Structure formats: C-alpha cells, structure tokens
Amino acid sequence: MVRTALAANALPAKLGRPIGRGFFDRSVHDIAPELIGAVLLVDGTGGVIVEVEAYHHNDPAAHSYRGETARNAAMFGPPGHAYVYRSYGMHWCLNFVCEAEGSASAVLIRALQPSHGLDAMAARRGLEEPRQLCSGPGKLAQALGITLAHNCLPLDRPPFALYRRVTAPEIVTGPRIGITKAAELPWRYALRQSPFVSKPFPDKSR
C-alpha cells in the first residue's frame, strides 16, 4: 500500500467548497493561480493541484489560436468542461476550459500532490514513489485514468470533482514548458518549492 507523509512545502488535502462551472466563466489568468491548492478528483482519485499553465485564445501557443478543429473543439465550448488531447501521440493531457463560450481559453493541469486513491494511481503508473505519480501532465492523466472519453465532460459532475483551496498558498510563476511560441510569457503557476511539480524553476514568489 502506497503511503506518503506530508512533505515540506506540501499542502493539506482538505476539501473546501465544491467548484462549480461558474468558477471558470472569467479570465483564464485569474483562474489559473486560483487553482493552485484546489483538490481535483476523478472517480475519487487525485490530489492537490500544485502546477498549472494558462493558455489564452490570443496566445500563439494555444491550440485554439488558429481556429476551431475537431481536436480542439472542446476549448470553444462552455466554461467548466474538460479539454483532453493527446500530446506527441503518447500522453493524454487534461485542461479546464475557461472564459465565455467561444473564447477558447484553457488551463493545463500540470501536476498534483497525490492524496486520494494512491494505490490506484500507483497501479496505473507502475510505480510507488508518490512524487512521481502526478509530476507532469502525461503522468497525471495516466495516474487519474484520463482518456479521450473525458473530453468535453463537465468538471462539476462525476467522474470529476473539484474543491476550492482552504488556505492561500505561496505561488511562483515562470515560463511555460515544452513550447516554442510565446515561451517567455510567465503563465506557469506552481506551489512555491513543492516537491511534486513537474520541473523546478527559480523560486520567485508571486
């Protein structure tokens, strides 16, 4: 059985008020940092969100930048729904659609501090080290069992459940990862000095 002690710079996995779809009907740049410290569960499995990236429709790195396609159609739908895509033909990635319908902005969920259903996540990932279960968008999706079947699903109904953070965490910002366009924009947000993020970056408090 996988167990994890609360490491330094980790957040307690307390469940705040449920997050409804209305939470996402505003600027992606306001939503992204507010998701740090929230709890994401998929069929009861998941943990505390510790790293995200914001993608605005005017952002050349956003999938929606060149218009709607079959792949990115979920981004153009109503806020508060999942946008799931395959990265490099290998890994599923989970995003939360933000802003008004048609805006096509989203937050990529990059890393979780695992807290619920650790044994299920370990079985899906084939390892037991808690810090490696969800430390990247592809790892996270595999650990939570995310597939294309989750695309377009509402985030406030099963299998998804989201809960507001109960404390205001210290947040750091930095450039996004794995992109070549608009790479200088500091739209990556993370829990300060979290050992569960996908990649450490300079410790600069927000």
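Bear in mind these aren't lab numbers, they're just calculated from the coordinates by the rules spelled out. Note that the structure is predicted; figures quoted are calculated from it, not measured. A quick note on method: Cβ atoms are made from the backbone with ideal geometry, for glycine too, and the neighbour counts reach across all protein chains shown.
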Give the distance, in whole Å, between the Cα centre of the stretch 97-134 and the Cα centre of the stretch 183-199.
14
Environment charge of residue 28, counting only residues whose C-beta is closer than 14 Å and scoring Lys/Arg +1, Asp/Glu -1
-4
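Per DSSP H run of n ≥ 4, the term is -39500 (n - 2.57); total these for the chain, divide by its residue number, and report the mean residue ellipticity at 222 nm rounded to 500 deg cm²/dmol.
Values: 4 runs with 27 residues, N = 206.
Value at 222 nm, helices only: -3000 deg cm²/dmol.
Using Cβ contacts closer than 10 Å as the measure, can you line up 135, 198 from fewest to most?
Details: 135 24, 198 21.
Least to most surrounded, the residues fall as 198, 135.
Take peptides 93-101, 108-116 and line them up by average Cβ neighbours within 10 Å, highest first, as a rough protection proxy.
Highest to lowest by the protection proxy: 108-116, 93-101.
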Exposure proxy ranking, count of Cβ atoms within 10 Å, fewest first, for 40, 118
118, 40
Rounded to the nearest Å, the spacing of the alpha-carbon centers of the stretch 13-66 and the stretch 73-93 is 13
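What does the C-alpha gyration tensor say about the overall shape of the chain? Classify as rounded when a/c is under 1.5, otherwise prolate if a/b is larger than b/c, or oblate.
Since a/c stays below 1.5, the shape of the chain is classed as rounded.
Would you mind calculating the relative contact order of the stretch 21-191 from Cα pairs under 8 angstrom and at least 6 residues apart, reporting the percent as a whole number? If you can, show how the numbers build up before the last one.
Working: 420 pairs, mean separation 51.3, N = 171.
So the answer I get is 30 percent.
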Most mobile of 102, 178, 67 per a Gaussian network model of the chain (Cα springs, under 10 Å)?
178
With 10 angstrom as the radius, rank 177, 36 by how many other C-beta atoms surround their C-beta, starting from the fewest.
177, 36
